[in-house]
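One structure below.
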Amino acid sequence: MGTYLFGDSGESLDPKFDALSSLLDAGTFARVEQLGVADGWRCLEVGGGGGSVANWLADVVAPSGHVTVTDIDVTRLEERDNVTVLEHDVVSNILPGNAFDLVHARLVLFHLPQRDAVLRKLRDSLRPGGWLVLDEFDCLPLEVLSAAPDDAKLIIRVKNALLTLLQHAGAELAWGARIERALLDAGLNDVSGSREVREWRGGSAGCRLLAATARLVRARLPLTDDEFDRYLELMASPETVVSSYAMCSAQGRR
Ligand SMILES: C[S@@+](CC[C@H](N)C(=O)[O-])C[C@H]1O[C@@H](n2cnc3c(N)ncnc32)[C@H](O)[C@@H]1O
């Protein structure tokens, strides 16, 4: 339990990070902008992945602000004048206290069995008045809206197999549905949140994410090669429509 499912595949995560960035960056940026992020802010981006959020924050808080971006795998993160890249496990490594105006984590706590303790650690790293922002999935809403019956069954089989693997690795599948409550339980103030279920059509960023995720765990999916190839075709075909994972965000201030 508790090993990041996509950490040891030996496959490139880049298609996944590209899909995440296309799917989620616009919403993340809009929410963070509404908090008033500006020149001078000190930011922590936890589990920064491909770095799209950290790089955007670095531009917004320049020239006098600073971004620290962490991950257990920092190979896709780049140092810049006002960006420090830190190889850091948010579960077991310490964070400075009272240090940041903004702490953001996207689809990281979802994977971590110790997510509630990590949340308190992130809270403590904020200066009083600083904002904690989480973007997370609730995976349960995913359903097939348009596909032939056998194809719909295949998509649901892959969904169930993937979610089982995630759960065995320590993920909380409906964590997104609980984040507002978790921020309140951590004692944060001015807590609010949002939840959005969209339609993901084959070829869209959402279906590219599903395909990239399935590729990363291909060896552990109980599918024949023909079934797996058909799944990839379906995720690329505009004839396929699924309801998305619920995309949940919440914010609160210390
Ligand atoms: C689903 S990806 C999300 C990446 C990025 N936040 C985004 O939304 O584009 C999860 C990220 O969390 C990182 N991660 C997993 N466990 C972690 C841990 N214990 N501490 C820090 N980062 C971790 C992974 O390496 C990966 O980059």
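The values are calculated or read from the model by the stated rules, or taken from the named source; none is laboratory data. This one's a predicted model, so the numbers in the text were calculated from it and none came from an experiment. Here Cβ is always computed from backbone atoms with ideal geometry, including for glycine, and neighbour counts include all displayed protein chains.
List of remarks:
- Just one of the listed residues (VAL32, VAL37, VAL53) is touching a Phe, Trp or Tyr at 6+ places or on another chain (Cβ under 9 Å), more than 16 Å from the ligand (Cβ to nearest atom) and not in a strand (DSSP E or B), namely VAL37.
- Strands (runs of 3 or more DSSP E) wholly inside region 156-254 containing at least 1 residues that are within 15 Å of the chain's Cα centre (by Cα): 189-196, 246-253
- Subset of region 94-117 [near the ligand (Cβ under 8 Å from one of its atoms) and either farther than 21 Å from ASN55 by Cα or in a loop (DSSP other than H, G, I, E, B) (or both)]: LEU107, VAL108, PHE110, HIS111, LEU112
- Those residues of region 113-141 which are over 30 Å from ALA99 (Cβ atoms) and out of contact with any strand residue (DSSP E or B) (no Cβ under 6 Å at 6 or more places or on another chain), in sequence order: CYS139, LEU140
- Residues satisfying the stated conditions in region 78-93, i.e. near the ligand (Cβ under 9 Å from one of its atoms) and of a type in the set (Ser, Thr, Tyr): SER92
- Of all the criteria given as (1) farther than 18 Å from LYS16 by Cα; (2) out of contact with any Phe, Trp or Tyr (no Cβ under 9 Å at 6 or more places or on another chain); (3) of a type in the set (Ser, Thr, Tyr), the one not satisfied by TYR231 is (1).
- For region 57-76, the candidate set comprises residues that are over 25 Å from LEU112 (Cα atoms) and in contact (Cβ under 8 Å) with a residue 12 or more places away in the chain; within that set, the residue that is nearest to the ligand (Cβ to nearest atom) is ALA58.
- Criterion: over 22 Å from LEU24 (Cβ atoms) and touching a Leu at 6+ places or on another chain (Cβ under 8 Å) - qualifying residue of ALA246, ALA186: ALA186
- When region 175-186 is filtered for residues that are surrounded by fewer than 16 Cβ atoms within 10 Å (Cβ to Cβ) and in contact (Cβ under 8 Å) with a residue 24 or more places away in the chain, the ones remaining, listed by number, are LEU184, ASP185.
- Neighbours by Cβ (under 8 Å, 6+ apart or cross-chain): first from region 80-101, under 20 Å from TRP41 (Cβ atoms) and at pLDDT below 95; second within 16 Å of the ligand (Cβ to nearest atom) and among the hydrophobic types (A, V, I, L, M, F, W, C): ARG80/ALA58
- Look at region 26-54: where a residue is closer than 17 Å to MET247 by Cβ and a partner is of a type in the set (Asp, Glu) and part of a loop (DSSP other than H, G, I, E, B), sitting 6+ places away or on another chain with Cβ atoms under 9 Å, you get GLY49/ASP73.
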